[in-house]
Amino acid sequence: MRKKVVRIIAVLMVLLSCIGIAFSQSENKSIYYLLGMMCGVVAGIAFVALIMWIVRKMGGKIEWNCNKENAYDERQLMARGEAYKYAFFTILLSVIIASVLDEVLGFSLLMSFAGMGFIICLSIAVFATICIVKDAYMSLYENVKGIVITFAIIGISNVGIGIVNLGGTALIENGVLAKESYNIIVGVMFIYLLLVFIARVNYSNRHMEEDEE
């Protein structure tokens, strides 16, 4: 019961924060713009709920908060700690490199909303890849089907949304990544992680079959 209350409060705080940001940046924007921002947040929450429903209906199990006790064994926790370390250094070095390239060479490709999103996705990909390779990504409360379905839905839907958002717009505008490319970046990351995860599962299954023989 307490966890449900905390989650509801967290969702309300996110909604209020988004509304506050929208109002603070809406000097010349109409009420329809603000309503659009609010509807976008609600649609995002509804999309997550839809994914959870689809995963359950298809027999998959996925743990969204990953805070349950004993979800990972000691070996997995050590591997995840190492993955967090490499992810942190990835985002740190990426920001430094992007800043230096911008200041010294005038190369501003990543100095935009989508550019920063690319750096974040890169660090997430590093973390998840290490966890998957070291068999430390899937918790005891999840199964292969749940992760595969989730990654596939998020990846494909984001690529589709990104293509629609781009329309005839170029991926790079005025030397930086266009904000409309953000969904494509997220989608490609999830599709990449899906392929890595499937490869790891197949590798584990082959070794189990060889050991049984």
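Legend: distances between Cα atoms for 85/134; 85/179; 57/134; pairs beyond 19 Å are 85/179; 57/134.
Computed from the Cβ-Cβ distance with R0 of 25 Å, the FRET efficiency linking residue 92 to residue 192 stands at 0.70.
Please sort 171-178, 70-77, 193-200 by packing, taking for each peptide the average over its residues of neighbouring beta carbons within 10 angstrom, highest first.
On the way: 171-178: 15.1, 70-77: 12.9, 193-200: 17.4.
Output ranking for 171-178, 70-77, 193-200: 193-200, 171-178, 70-77.
A short reminder: the numbers here are calculations on the coordinates, not readings from a lab. Bear in mind the structure is a predicted one, so any value in this text is a computation, not a measurement. Every residue, glycine as well, gets a Cβ built from its backbone with ideal geometry; the counts of neighbours run over all protein chains shown.
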